[in-house]
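Q: The structure is given below, and queries will be raised subsequently.
The values are calculated or read from the model by the stated rules, or taken from the named source; none is laboratory data. Just so you know, these numbers come straight off a predicted model, no measurement behind them. No Cβ is skipped: glycine too gets one built from the backbone with ideal geometry, and neighbour counts run over all protein chains shown.
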Amino acid sequence: MPELRITEILTPQWLKDTTLLGVDLTLDDGSPYPDAQYEQAINHAIAHVQSELGLVLDQFSVVEERHDIYSPDRTGWWPFRLDERPVRRVSGMRIRFGSFPAVEFPISWTQLVAPMYGQVHIIPSEEALGSYIIRAGIPLVAGDVLQTVDYIPGYFSFDYEAGFTCVTDTLTIPQGQTEATYTFPTLTPMSDRYRTDLALTVDNGAVGLRLKSRSLNSFTVEVSTAPNVGDATVTFTADSIPDDIKHVIGIIAAMMPLAVAGDLIAGAGIASISTSMDGLSQNINTTSSATNSGYGARILELRKQADALLPALRARYRMLNVAIL
């Protein structure tokens with residue numbers, strides 16, 4: 001199942017059809033703005049939102065992220081807050097004391113209890129438990145040389161994948177049936193807020209496609225009329241990037257093209273143009289000035305929306321890393 005990058009979902013066309021709808025996006029010669037203009041604006045907006053919220057929007061693999069341990073944390077089953085969020089899955093865990101060789105731990109010991117906030121705990125399972133010794137709450141390979149030590153820097157390390165899941169694939173509605181279920185692969189986790197866009201690419205008589213139900217593991221589609229001359233094919237895109245995050249990205253990304261479009265209404269900094277000939281005259285007044293572009297009011301409105309949305313998003317997604325020892 002192919003995975004999509006966020007820029008394959010938030011495209012220049014998406015920006016034109018949403019936040020920039022109704023704006024004349026052409027140059028003086030009538031040619032459309034180059035896609036590079038929108039791509040730069042979208043990439044900037046994505047980077048800005050990632051920084052504001054402390055999230056990774058695209059899939060990102062982390063290797064050997066090291067964390068210190070503090071012995072009293074054993075009473076909380078060794079809680080760790082991984083650096084990149086949301087965490088899709090943890091693929092490796094090991095311990096390393098100083099420059100000694102690392103020792104792999106069973107991956108089944110890691111419990112990802114809060115993927116959005118990167119919260120991981122270590123709870124030993126029966127797998128390979130006899131191969132490890134726990135001394136003073138500190139997992140060791142053997143011996144108790146560190147029994148009196150409460151704090152060890154960089155002792156645990158994790159390999160994991162972060163970011164939101166965005167995938168595209170197809171499913172088949174068999175001839176004569178009105179519904180079909182798609183099950184996501186085990187290694188493709190979805191969040192509870194994922195969005196599913198459907199398209200009936202091969203109908204064979206089927207009509208009325210809609211999403212019937214969904215869960216974290218699967219979703220079901222149905223048609224009002226079953227295909228009658230063969231199987232129907234449904235192409236779908238499922239992405240777990242929350243709509244409120246995509247909305248604020250669109251708001252921020254729209255400001256750059258609007259600034260350019262405002263200068264092209266009559267020219268940068270030109271508030272009015274007057275022409276006359278043989279007693280006939282024509283005046284064109286714009287909202288542009290030496291300090292304001294033609295779409296300045298719309299940019300201010302978008303900025304107000306972003307300023308109102310970002311605090312709410314920060315409150316929901318951003319983490320405060322505070323420790324009291």
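Q: For the range 201-216, what are the residues that are within 28 Å of the chain's Cα centre (by Cα), surrounded by 13 or more Cβ atoms within 10 Å (Cβ to Cβ) and not aliphatic (A, V, I, L, M)? Outline the logic, then answer.
A: The initial filter retains those residues of the range 201-216 that are within 28 Å of the chain's Cα centre (by Cα), namely 201, 209-216.
Within this subset, residues satisfying the condition of being surrounded by 13 or more Cβ atoms within 10 Å (Cβ to Cβ) are 209, 211-212, 214.
Across the range 201-216, the qualifying residues are Lys212, Arg214.
Q: Mind counting the residues in the range 236-265 that are modelled with pLDDT of 85 or more and either more than 20 Å from Asp35 (Cβ to Cβ) or in a strand (DSSP E or B) (or both)? Talk me through it step by step, then tell me what you get.
A: Quick first cut of the range 236-265, residues modelled with pLDDT of 85 or more only: 236-258.
Of the ones still in play, those that are also either more than 20 Å from Asp35 (Cβ to Cβ) or in a strand (DSSP E or B) (or both) are 236-245, 247-248.
Of the residues in that region, 12 qualify.
Q: How many residues are in a loop (DSSP other than H, G, I, E, B) and more than 28 Å from the chain's Cα centre (by Cα) when one looks only at the range 11-40?
A: Initially, the range 11-40 is screened for residues in a loop (DSSP other than H, G, I, E, B), giving 11, 18-25, 27-31, 33-34.
In the following step, the residues that additionally are more than 28 Å from the chain's Cα centre (by Cα) were identified as 24, 27-31.
Adding up the residues that qualify gives 6.
Q: Contact list please: Cβ distance under 6 Å, first residue in the range 12-29 and within 16 Å of Ile46 (Cα to Cα), second residue assigned to a loop (DSSP other than H, G, I, E, B) and at pLDDT 90 or above, pairs at least six apart or on different chains.
A: Sorted first by the residue in the range 12-29, then by its partner, the list stays empty.
Q: Might you check whether a residue that is among the hydroxyl-bearing types (Ser, Thr, Tyr), assigned to a strand (DSSP E or B), surrounded by fewer than 17 Cβ atoms within 10 Å (Cβ to Cβ) and modelled with pLDDT of 90 or more occurs anywhere in the range 185-200?
A: yes
Q: If you take the residues in the range 88-101 that are of a type in the set (Gly, Ala, Ser) and surrounded by 15 or more Cβ atoms within 10 Å (Cβ to Cβ), which one is nearest to Asp68 (Cα to Cα)? Even if it seems obvious, please write down each step before you answer.
A: Looking only at the range 88-101, we keep the residues that are of a type in the set (Gly, Ala, Ser), and these are 91-92, 98-99.
Filter once more, so that each one left must be surrounded by 15 or more Cβ atoms within 10 Å (Cβ to Cβ): 91-92.
Working: Ser91: 19, Gly92: 16 Å.
The qualifying residue nearest to Asp68 (Cα to Cα) is Gly92.
Q: Kindly establish whether Leu27 is surrounded by 12 or more Cβ atoms within 10 Å (Cβ to Cβ) and within 29 Å of Tyr194 (Cα to Cα).
A: no
Q: Next question, about the same structure. Among (1) within 23 Å of the chain's Cα centre (by Cα); (2) crowded, with 17+ Cβ neighbours inside 10 Å, which single condition is Trp78 missing?
A: Among (1) within 23 Å of the chain's Cα centre (by Cα); (2) crowded, with 17+ Cβ neighbours inside 10 Å, Trp78 violates only (1).
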